[in-house]
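Student: Quick one: this structure, given as structure tokens, is what I'll be asking you about.
Coordinate-derived values only; no laboratory data. Just so we're clear, the structure is a prediction, and the values are computed from it rather than from any experiment. In this analysis, Cβ positions are derived from the backbone assuming ideal geometry, glycine residues included, and neighbour counts consider all displayed protein chains.
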Amino acid sequence: PVASPVQPEPAKPNSGSYEVQVSSQKTEADAQASYKSLQSKFPNVLGSKSPVIKRADLGEKGVYYRAMVGPFGSPDEASQFCGSLKTAGGQCVVQRN
């Protein structure tokens, strides 16, 4: 399918198209707070990363705010990061942008 011209394309279509979700909360403030808590729990993995908070409307389930880390240039990079977090005891989900 051809991308609609109305949708802005990322500057580099092949880079930065994966992110790792580390938390999903009911409010943006909770997502930020949750990320800060995870950052202090896993400083070696998350210490230098800034979160990207994304709003996700899940219909009947309501709106959630996801704390994401990225972007990563490839699924392998994102999986590697997620693997490091899981090894340290955290949880995460790799998502394609």
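Student: Using θ = phi - 60° and the Karplus relation 6.51 cos²θ - 1.76 cosθ + 1.60, list the HN-Hα couplings for region 64-74 in order, rounded to whole Hz, with x at every Gly or Pro.
Tutor: 10, 10, 9, 8, 10, 10, x, x, 10, x, 8
Student: Now, a different point. How would you order 79-85, 37-43 from highest to lowest mean count of nearby Cβ atoms within 10 Å?
Tutor: Result, highest mean first: 79-85, 37-43.
Student: Check Ile53: other-chain or 5+ apart residues with amide H under 5 Å from its amide H, H built from backbone geometry?
Tutor: Residues meeting the criterion, in which the H sits 1.01 Å from N, are Met68.
Student: I would also like to ask the following. Per residue of region 85-96, in order, report the coupling 6.51 cos²θ - 1.76 cosθ + 1.60 (Karplus, θ = phi - 60°) as ³J(HN,Hα) in whole Hz, putting x for Gly and Pro.
Tutor: Whole-Hz 3J(HN,Hα) from phi for region 85-96: 5, 5, 4, 6, x, x, 10, 6, 9, 7, 10, 8.
Student: Would you mind classifying region 40-97 by shape? Square roots of the alpha carbon gyration tensor eigenvalues, ordered a ≥ b ≥ c; an a/c under 1.5 is rounded, otherwise it is prolate if a/b is larger than b/c and oblate if not.
Tutor: Details: a/c = 1.97, a/b = 1.57, b/c = 1.25.
Prolate is the answer for region 40-97, as a/c is 1.5 or above and a/b outweighs b/c.
Student: Something else: Could you derive backbone 3J(HN,Hα) for region 31-40 from the dihedral phi with the Karplus parameters 6.51, -1.76 and 1.60 (θ = phi - 60°), listing whole Hz in sequence and x where the residue is Gly or Pro?
Tutor: Coupling constants for region 31-40: 5, 4, 5, 4, 5, 4, 5, 5, 4, 6 Hz.
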